[in-house]
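Chemist: Here you go, one structure.
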Amino acid sequence: MSAFQGFKDFIARGNVIDLAVAVVIGAAFTTVVTALVDQLFNPLIGAVFNADSLANAFLIEIPTTSGGAATLGLGAILAAIINFLIVAAVVYFVFVLPINKLNERHAQGQESESEVTELDLLTEIRDLLNERHK
């Protein structure tokens, strides 16, 4: 097998294509969540703290030895945490939870089918044994 054929087989696998789709969807989803946080949550929380956005809400100045001041942007950190929590909640409620529910239903359906099949087989075996002894 040539190196090119191996690469072609690797690319043709479904999981590589699924991964590529997930990356593209993830990038688009990140853009939506970032816009939501930047345009909705940051201004609302910033308004509560008398700032133009959350990133400017909790600015702490620390004097430096050179006579200037360093600024800590705790609001920007809080905005990043909010962004993360929104992404995590959406991923959980939109993707993980429904897939888990589908997997549970699928597993329950397989269990009930296998129970019925086992019962039918045992009944059939019993009937065959009864006929054989007659």
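The values are calculated or read from the model by the stated rules, or taken from the named source; none is laboratory data. This is a predicted model, so every value here is computed, not measured. Cβ placement follows ideal geometry from the backbone for every residue including glycine, while neighbour counts extend to all protein chains displayed.
Chemist: Output the residues belonging to region 30-59 that are loosely packed, with under 13 Cβ neighbours inside 10 Å, of a type in the set (S, T, N, Q) and either modelled with pLDDT of 80 or more or under 21 Å from Val91 (Cα atoms) (or both).
Modeler: Thr30, Thr31, Gln39, listed by residue number.
Chemist: Next question. For residues that are touching a residue at least 24 places away in the same chain (Cβ under 8 Å) and of a type in the set (S, T, N, Q), tally how many sit in region 1-46.
Modeler: 3
Chemist: Right, another one. Go through region 110-134 and give me each residue that's modelled with pLDDT under 70 and hydrophobic (A, V, I, L, M, F, W, C).
Modeler: Here is the first cut: in region 110-134, the ones modelled with pLDDT under 70 are 110-116.
Across region 110-134, the qualifying residue is only Val116.
Chemist: Now, a different point. How do the helices (runs of 4 or more DSSP H) wholly within region 20-134 filter down when requiring 2 or more residues that are of a type in the set (D, E, K, R): which remain?
Modeler: Filter on region 20-134 gives 97-133.
Chemist: Among (1) under 30 Å from Phe29 (Cβ atoms); (2) at pLDDT below 85; (3) among the aliphatic types (A, V, I, L, M), which single condition is Leu97 missing?
Modeler: So Leu97 meets the others, but not (2).
Chemist: Follow-up. Does region 60-86 hold any residues that are modelled with pLDDT of 85 or more and over 31 Å from the mean Cα position of the chain (by Cα), and which are they?
Modeler: Scanning region 60-86 gives Ile60, Glu61, Ile62, Pro63, Thr64, Thr65, Ser66, Gly68, Ala69, Ala70, Thr71, Leu72.
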